[in-house]
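What follows is a short report on a single structure.
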Amino acid sequence: MKIAVFDSKSYDIESFNETKEQYIKEIGTDELSVVLDFQFFEDRLTEKTVKLAYGFDAVCVFVNDEVNRQVIDALVEYGVGMIALRCAGFNNVDVAYAKNRIKVVRVPAYSPYAVAEHAMAMLLTLNRKTNKAYIRTRDHNFRLDGLVGFDLHGKTVGVIGTGKIGQVFMDICRGFGMNILAYDKYPNEKLQVEYVDLKEIYERSDIISLHCPLTDDTYHIINSKAIKRMKKGVIILNTSRGALIDASALLEGIRDKEIGGACLDVYEEEAEVFYEDQSEMIPTDEVLSNLIMMPNVIVTSHQAFLTKEALNNIAYTTITNLKDWYSGRELVNEVSV
């Protein structure tokens, strides 16, 4: 079985090859080496690049690949039978259109610790300004002016989305002695946490962290109206999906000093920018450029997932999904609507 892996980077190639070898050792045969033939493409899967999938049995895609109706039509025409997402979210795939035409599977959990820990790392960096202190001391500047932060202990954090990642983030916040509020469309009654509505999250939280999927209900869940309701000086964290936040409204809120800071690992127009070296190019996204220039904003390039454990789990689950499909087994990670 030939699999085209799109939007692949060196760490993807390394983790898939290493995990494939480990998988073979575990099943005690070299059968897998014959069954799965991965070919890696740096290109994202889009309408322009879908022709690269011709002759393959399956495609493996990531968060910024565009699997719309036109792409799905082409894949079906080429005889591609599976779309294997190597991520948890599937908002970039028209799953309803794919139904009964092509199989769609995902990796529902790879490392909630990786994402939650990155969210806290960004918050600590923004608050205590360790990034700025590092740059200063490299130049032998040991002044402390402008490096004042605040205690996280006793502050209230509002967590939107209480799935596995949200739960781990709440556990980390408890370790800092923070007060926790939670919102989820489907509350988990087993969790010992105070569930409130979004209005209360906005009004009471010193820090708001997003850990929910991107759906029609959560699109721009942080918008100008929501920002107006928030406590002055609130810090917003987003390690989920960029379009959860209206970036223009966020920028305006920061300029008006309604928002005290933002930590963004994702951005709603990231597809053409993130994962690539843009350092020699003239920026074309003014909103992103202005956000990056703000002294109270930290932007990372959708790297919250990027740990060895997460990469290995992604590769292992993806290989299992493909192997189960090839063998006619039940697809436990199939996406359906």
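The values are calculated or read from the model by the stated rules, or taken from the named source; none is laboratory data. Everything numeric here is computed off the predicted structure, so don't read it as measured data. Note: ideal-geometry Cβ built from the backbone for every residue, glycine included; neighbour counts use all protein chains shown. All accessible areas refer to the heavy atoms of the entire protein, side chains included, with ligands and DNA or RNA removed. Shrake-Rupley method; radii C 1.70, N 1.55, O 1.52, S 1.80 Å.
Just one of the numbered conditions (1) open to solvent by 30 Å² or more (accessible area, probe 1.4 Å); (2) within 18 Å of Met120 (Cα to Cα) is not true of Thr300: (1). When residues in segment 175-189 are screened for being within 11 Å of Thr162 (Cα to Cα) and either part of a loop (DSSP other than H, G, I, E, B) or touching a His at 6+ places or on another chain (Cβ under 8 Å) (or both), 6 of them pass. Would you say Arg143 is under 15 Å from the mean Cα position of the chain (by Cα) and over 20 Å from Cys212 (Cβ atoms)? So Arg143 fails the test. The residue of segment 237-248 that is nearest to the chain's Cα centre (by Cα), among those that are open to solvent by less than 10 Å² (accessible area, probe 1.4 Å) and closer than 15 Å to Ile208 by Cβ, is Asn238. Condition test on Tyr186, is it open to solvent by 90 Å² or more (accessible area, probe 1.4 Å), under 29 Å from Leu311 (Cα atoms) and without any contact (Cβ under 8 Å) to a residue 12 or more places away in the chain? Taking the combined requirement at face value, the residue satisfies it.
Exactly one residue out of Val105, Val76, Val67, Val61 is in contact with a helix residue (DSSP H, G or I) (Cβ under 6 Å, 6 or more places away or on another chain) and among the β-branched types (Val, Ile, Thr): that is Val105. Tallying residues that are in contact (Cβ under 8 Å) with a residue 40 or more places away in the chain and not acidic (Asp, Glu) within segment 189-217 yields 13.
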